[in-house]
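Presented below is the structure to which this report refers.
Only the coordinates and a few stated rules stand behind these numbers; no lab work does. Predicted model, so just to flag it, every value in this text is computed and none were measured. Positions of Cβ are backbone-derived with ideal geometry, glycine not excepted, and every protein chain shown enters the neighbour counts.
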Amino acid sequence: MKHSPTPDTVTRSVAEWERFAASLFAAAGLAADKAASVARLLVLTDAMGRGTHGLAQCPAYLDELAGGGMSKEGEPEIVRDTGATIVWDGRYLPGLWLMEKALETAFARIEAHGVVTFAMRRSHHIGCLAALAKYATDRGCYIMLASSGPHTKFVAPFGGRQGLFSPDPFAIGFPAGASPVLFDACASLTTVSMTRTKVAAGEQFEHAWLLDSAGRPTRDPAVMEGSGNRGSLMLLGGAEAGHKGFGLALMVEALTQGLSGFGRRDAPTRWGASVFMQVIDPRAFAGPEAFEAQTAFFADQCRANAPIDPAAPVRLPGDQAARNIAMAMEQGIALPRATVAELERWAKRLQLSD
C-alpha cells in the first residue's frame, strides 16, 4: 500500500521531518539534545499513524516555549531515588525529552533491578504513550505508562456531570512475535485533542461520546468549549458501563499523582502532567524466550481467530502501527497541508528557512 499524494498533503521522509522539527525547537530556544528528542518522538508518532499527537502538536509546543509554559533549560529535580524506584520533578521541561531520559535511565538500571519504576510530577505534555512504549518493546521489555493532568477537569466521575479529572491516558507495550503489542487508551471515550479537532472541522462525533452540562449523552464536541457551564468527556464504558472507565481513572490518578506526591490536592494553577512509568525486564523472571514464546503464541491465536467479517481479520493493537512505520520509512510521512502551513508560519516567525 502506497501513499496517494493529494493536494491536501505534503510528503517528506522521516529524516527530513525530524530535521525540520528539530530546527524549529532549537530556534525556539531548546538545546540541541532536547530539540532532537522532541522532534524524534513527534515524528515517530506520525509514522505510527497517530496524527493528533505528532507534528500537529508543534505549534502548541512552540507557543508554550514562547510563553514560558514549557521550560527551555535545565534538568529534572531528583525528589527520591532508591535505584529501582525514582521520583522526578520535571520542572515543566519538554515532556518527550523527559520521558526519553527516564527510559534511558530505566534501561541502564534494568539489568541490576529487573523492574524500574518512575513517578514524575510537573512534566510538560508527554505526547503519544504508545510511541514511548515502543522504546521499551524494542529492548524486549514490558512497559506500563500512565499520565494525568492535575490542573485539568474534563471528565466527570460516573454518575456525575461536573468535570473533575483529565482523560487519564494509560498504555502497555510488550514484545509479541511479529510485532509488539502497543495498547494506548484513556479512561474517557475520546480526548480533548479530538474534540478540538472536531470543533475546528465543524464535525460531530459519530457516536455520543460526550455529556452536555446536564449530563445527557451528545455527539456535539462544542459542549466542551468555554470555561463556564460546559459538558464533559464520557467515561470508557459509556452510559451503561462507565463505572469501568471511572475505576481506570482512579487507578491512573493514584499511580501518577499519589506516587509522585503532587496532584489535585495541591491545586496547581498551571497545566502540567503527573506521570507513572514501569519497565519490566523478562530476564528477571522466566526469561525473554519464555516470555515471548507465550505472548507470540497467544498473539498468533488472536490473529487466526475466525473473523466476524472476513474482510476485517482480527488485528492486535500495535499491528497497524508496525505496518505504518514500515511504510513511513519507505515512502515518507504525508502531513495535512494545514499542519504544514502552521509549521511554515512558525519557521518564518523564528526566521528559519526550510
The extension gain from LEU164 to GLU73, computed as 0.36 nm times the residue separation minus the Cα-Cα distance, is 29.6 nm
Specify the residue with the greatest mean-square fluctuation among GLY245, GLY67, GLY114, computed from a Gaussian network of the chain linking alpha-carbon atoms under 10 Å apart.
GLY67
Describe numerically, in nm with one decimal, the distance between label points set 7 Å from Cα along Cα→Cβ at PHE183 and at GLN301.
1.5 nm
So what is the relative contact order of the chain, in percent, for Cα pairs below 8 Å that sit 6 or more residues apart?
22 percent
Qualifying GluC sites (Glu not before Pro) for the stretch 220-257 [loop in DSSP, other Cβ within 10 Å: at most 16]
GLU225
What spacing in nm lies between the two simple spin-label points modelled at ALA112 and HIS151, each 7 Å away from Cα in the Cβ direction?
3.6 nm
Per DSSP, loop trypsin sites (Lys or Arg not before Pro) in the stretch 157-205 with at most 15 further Cβ within 10 Å
ARG161
Take the Cβ-Cβ distance between PHE285 and THR82 as r, set R0 to 22 Å, and report the resulting FRET efficiency rounded to the nearest 0.05.
0.60
Among 89-95, 305-311, the order from most to least packed when residues are scored by Cβ within 10 Å on average:
89-95, 305-311
Take the Cα of ALA293, step 7 Å along the line toward its Cβ, and report every residue of the stretch 142-183 whose backbone nitrogen sits under 15 Å from that point.
177
Give the share of C-alpha pairs in each 20 angstrom bin for the chain, from 0 to the last occupied bin, in whole percents, shortest bins first.
28, 61, 11
